[in-house]
Amino acid sequence: MGSNLDVEFVRGQFPAFAEPSLAGQAFFENAGGSYACAPVIDRLTRFYRQRKVQPYAPYEASTLGGAEMDEARARLAAIMGIDTDELSFGPSTTQNTYVLARAFAQWMRPGDAIIVTNQDHEANTGPWRRLADEGYEVREWCINPETGHLDPGDLEDLLDERVRLVCFPHCSNVVGEINPVTEITALAHAAGAFVCVDGVSYAPHGIPDVGALGADIYLFSAYKTYGPHQGIMAIRRSLGMMLPNQGHYFNEDSLYKRFTPAGPDHAQVAACAGMADYIDALADHHGLEGDAAARGRGVHDMMRAHEEALLQPLLDYASSRNSVRLIGPGDAAGRAPTVALRTDRPGEEVARDLSHYGIMAGGGDFYAVRALRAMGVDPAHGVLRLSFVHYTSPAEVDKLMNALDEVL
């Protein structure tokens, strides 16, 4: 069927586009959470109706519930190019990061250092920065204050034999620029450090082949990736089994349970299998072949191509307006379709005005307080954030730009 994404087929997989209460509104706050696809909604509903019991017992409802949870882990791991037990679920990415930080705090030795960035969402950087309170050195890899760019050359100046971990985003939720994960990972590994990649703002634009990226830890949020409210974490077995167990002591031999101190949300974990259903449906519809990782890469590439085509006109529009400052690069090929604009009025005010024209967008600091301050933007003033994904249509982008003409 060719390499072009069939947007009408895509939109048919999302009940929100047939929902009367949402009719006539264009959704541009996807970075805060995407619409859920039909397979996720169907699986979640079925679980609550038919399988809302303790899983893994020998009676049918329980057996089916446990099998569906296992299916979610196995199929998503296959798409991500990792082993099944290298994927674990948690209540949120914030919580997963906090648990990881506790494990590293117990594993590291006095004098050890970690590197964080000021491009990050606070949920990824905050738990790591708190390790300074326990005597570890925290070094900051700083963005360019004009462009928001993270220069790998600056990272090299921070790396030495004391660094145990480098934490950075695949892309920022306000800057939008896609960071070269493979290159950064190679630099860190050459210095003897592990990497933790926050993929929350990237994965909605195509779940990455984590195996190919080479990252030691990769985190993202299912609720921003057409799924239920779960945090998804990939961690390499060698690292995961080396870090101190954070789960129940009798589960320490199980990699996917080592960083889940609380019991999992059975229904939400099971519903994550619907994310794999959706990716499979796209792959089948577009004639993609190969194993799960290859099909996942194909879907990823189609999503990105569609988004880039829609994004460039919006970036050009923003760059042409004297009254706004575009945060991040102006080339669609190098960024995600998460577009933060510093406007004359507070971002939240502009978002409110846009709502009168059927545009659902957000304004504020989006927990990227450090990044905004570094770029000279007062977090209290905030930015207008316009974010979309592959189910957005060209007509909706036109609608957005027409609305911006009215409110800016």
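Report, ordered by the first and then the second residue, all pairs with beta carbons closer than 6 Å, sequence separation of six or more or different chains, a first member in segment 113-134 that is in contact (Cβ under 8 Å) with a residue 60 or more places away in the chain and part of a loop (DSSP other than H, G, I, E, B), and a second member that is open to solvent by 40 Å² or more (accessible area, probe 1.4 Å) and not acidic (Asp, Glu).
Sorted first by the residue in segment 113-134, then by its partner, the pairs are 118/142; 118/370; 121/367.
Cβ-Cβ below 8 Å, separation at least six or inter-chain, first residue in segment 163-186 and open to solvent by 10 Å² or more (accessible area, probe 1.4 Å) and at pLDDT 95 or above, second acidic (Asp, Glu) and in a loop (DSSP other than H, G, I, E, B): which pairs?
164/112
Could you check segment 1-99 for helices (runs of 4 or more DSSP H) lying wholly inside it with 2 or more residues that are among the hydroxyl-bearing types (Ser, Thr, Tyr) and either surrounded by fewer than 17 Cβ atoms within 10 Å (Cβ to Cβ) or assigned by the TED database to the domain that holds residue 233 (or both)?
Numbers: elements: 7-11, 38-50, 60-80.
Of the helices (runs of 4 or more DSSP H) lying wholly inside segment 1-99, those with at least 2 residues that are among the hydroxyl-bearing types (Ser, Thr, Tyr) and either surrounded by fewer than 17 Cβ atoms within 10 Å (Cβ to Cβ) or assigned by the TED database to the domain that holds residue 233 (or both) span 38-50, 60-80.
Between 285, 229, which is outside the structural domain of residue 127 (by the TED database) and either modelled with pLDDT of 95 or more or open to solvent by less than 10 Å² (accessible area, probe 1.4 Å) (or both)? First the steps, then the outcome.
Details: 229 fails: outside the structural domain of residue 127 (by the TED database).
Unique residue meeting the criteria: 285.
Go through 195, 210 for me and flag whichever is over 30 Å from residue 392 (Cβ atoms), within 19 Å of the chain's Cα centre (by Cα), assigned by the TED database to the domain that holds residue 47 and crowded, with 20+ Cβ neighbours inside 10 Å. Give the steps one after another, and end with the answer.
Working: 210 fails: over 30 Å from residue 392 (Cβ atoms).
Result of the check over 195, 210: 195.
What is the one condition in (1) within 21 Å of the chain's Cα centre (by Cα); (2) at pLDDT 95 or above; (3) open to solvent by 10 Å² or more (accessible area, probe 1.4 Å) that residue 150 does not satisfy?
(3)
Among the residues of segment 84-96, is any farther than 26 Å from residue 296 by Cα and of a type in the set (A, V, I, L, M, F, W, C)?
no
What is the number of the single condition among (1) crowded, with 19+ Cβ neighbours inside 10 Å; (2) within 21 Å of the chain's Cα centre (by Cα); (3) outside the structural domain of residue 28 (by the TED database) that residue 302 does not meet?
With respect to (1) crowded, with 19+ Cβ neighbours inside 10 Å; (2) within 21 Å of the chain's Cα centre (by Cα); (3) outside the structural domain of residue 28 (by the TED database), residue 302 is out only on (3).
Assess whether residue 375 counts as being within 24 Å of the chain's Cα centre (by Cα) and touching a residue at least 60 places away in the same chain (Cβ under 8 Å).
Values: within 24 Å of the chain's Cα centre (by Cα): yes; touching a residue at least 60 places away in the same chain (Cβ under 8 Å): yes.
Judged against the criteria, residue 375 is a match.
Name the residue, out of 351, 371, 340, 333, that is outside any loop (DSSP other than H, G, I, E, B), surrounded by fewer than 24 Cβ atoms within 10 Å (Cβ to Cβ), out of contact with any Pro (no Cβ under 8 Å at 6 or more places or on another chain) and at pLDDT 95 or above. Write out each step before concluding.
Numbers: 351 fails: surrounded by fewer than 24 Cβ atoms within 10 Å (Cβ to Cβ); 371 fails: surrounded by fewer than 24 Cβ atoms within 10 Å (Cβ to Cβ); 340 fails: surrounded by fewer than 24 Cβ atoms within 10 Å (Cβ to Cβ).
From the options 351, 371, 340, 333, the qualifying one is 333.
The values are calculated or read from the model by the stated rules, or taken from the named source; none is laboratory data. Because the structure is predicted, anything quoted here is derived from the model rather than measured. Backbone-built Cβ (ideal geometry, glycine too); neighbour counts: all protein chains shown. Surface accessibility is based on the protein's heavy atoms, side chains included, excluding ligands, DNA and RNA. Shrake-Rupley method; radii C 1.70, N 1.55, O 1.52, S 1.80 Å.
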